[in-house]
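Contents: one structure, followed by commentary.
Coordinate-derived values only; no laboratory data. Since the model is a prediction, treat every value here as computed from it, not as a measurement. Glycine also receives a Cβ, built like all others from the backbone with ideal geometry; neighbour counts cover every protein chain displayed.
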Amino acid sequence: MRNRKFDVLSAGLLVYDIIVSPVSAGIFATDTQKIDSISFSVGGDAMNVAVDCAKLGLKTALSGTVGRDAPGDYLIASARSHGIDYAGVAVSDKSATSCSVVLGEANGERHFAYYGKSNDSYDGSRITDEMLADTRLLYVGSSLGLPSLGDGTLAELFRRAKKAGCLTAMDATASSDGKWLAHIREALPCCDVFIPSYEEAVEITGQTDPDAIIAFLKSLGTGVAGVKLGAQGVKVENVACPAFRHDGIVGTTGAGDGFMAGFVCGTVKGFSLEERVLLGSAVASCVIRKPGATEGVESYEECLALMEEHRADLVK
C-alpha cells in the first residue's frame with residue numbers, strides 16, 4: 001500500500017464521559033450514596049479508538065460532531081494533545097456535545113446514562129474523497145448508534161473508501177432504531193473488519209454460537225469477522241483468545257474499543273490474524289486497569305510485551 005498521510009481515520013461516536021464509582025444496585029432506592037471517585041474522560045467508540053491508536057504510534061485522524069460547549073472543547077483539546085488531526089470534527093451550534101454518565105460497580109461492570117444529540121446528526125459527510133485517499137484504514141465506531149448513517153449512507157461511505165484504496169472496519173453498539181441488521185447489511189460487503197460484542201452480534205445475526213455468528217457475517221460479505229466475548233475473550237475467524245489474566249479490574253469502560261484499536265493497529269502494520277488478535281487483547285488488558293476508556297494504554301512497546309507474554313494463550 002502506498003504511503004498515506006494517516007494510518008487510521010476514526011469516525012463516529014464522540015462522547016464526554018463522567019465516570020462515577022463505585023455505585024451499588026440500590027442507588028435509586030436511596031437519597032444519597034457516597035462514592036470513592038468521580039472523573040472526566042473522553043468516550044465514544046471513535047474517540048477512544050483514535051486516542052488508543054495515537055498512543056500506539058499510529059498517525060491518526062478523527063471525524064465526528066461535537067457541540068459548541070465545554071465538553072466539546074474538552075474532546076477537541078484531548079485530540080490535539082494526542083497529536084490527532086481533528087479537521088474532520090464538526091462543531092454544531094444546534095446540538096450539545098454527547099455525554100455519558102458512567103456508573104461503575106465495584107466489580108468493574110458499568111452502566112451508562114447517555115445523551116446523544118450531537119452524535120445523532122453525524123452522517124460522515126465531512127469525510128472527503130481526498131481524506132480517504134490519504135488514509136490507510138477507515139474505522140467507523142458505533143455504526144448502529146449513528147442514525148444519520150442509516151438508509152445506505154454508511155454503505156456509500158465504505159464504497160467511497162474502497163474506491164480510494166482505503167481499508168474499512170467498524171464496530172456496532174446498541175441499535176438506535178431497532179434495525180440491527182438492516183442498518184449495516186448493505187455495508188458489510190465493503191467492510192474489511194467487523195468484530196461486534198457478543199450481545200450486539202446476537203441481535204444482528206440471530207445466532208447465539210460464536211462460530212455461527214462469524215459464519216453469518218461472512219455469508220453477507222464481511223472480510224474478517226469476529227465477536228468480542230467480554231470476560232471470556234474474543235474469537236476472530238478461527239482464532240480464539242481468552243481475556244488476558246489480570247490482577248485487578250478497575251473498570252471495563254473502553255475495553256472493546258481498546259481491542260479494536262489494537263486489531264486495527266495490527267492490520268495497518270500487516271500483522272498476521274493471530275498477532276492482530278493478540279495485540280487487540282493486549283490493549284484491552286491495559287484499558288481495564290484504569291477507570292477511563294483510554295488512560296490505561298501507555299505505549300506500543302508495553303502492548304507488544306504483553307502479546308509475547310500471552311502468545312501461548314491463543315487457541316486455533
GNM of the chain, Cα pairs under 10 angstrom: of V283, V42, V91, the biggest fluctuation goes to V91
How many percent of DSSP beta bridges within the chain run antiparallel, rounded to 5? 40
Using 0.36 nm times the number of residues separating A113 and D177, minus their current alpha carbon distance, what extension gain do you get? 21.3 nm
Among the trypsin sites (Lys or Arg not before Pro) within the range 1-77, which fall in a DSSP loop and have no more than 16 other Cβ atoms within 10 Å of their own Cβ? R2, K5, K34, R68
Between A70, A155, A261, find the one with the highest GNM mean-square fluctuation for the chain; connect C-alpha pairs within less than 10 Å. A70
To the nearest 0.05, what FRET efficiency results for K218 and K34 with a Förster distance of 41 Å applied to their C-beta separation? 0.25
The simple spin-label model distance between S272 and N3, using points 7 Å out along Cα→Cβ, in nm, is 3.0
Counting helices only, and only those DSSP H runs with n ≥ 4, report the 222 nm mean residue ellipticity of the chain as the sum of -39,500 (n - 2.57) divided by its residues, in deg cm²/dmol to the nearest 500. -9500 deg cm²/dmol
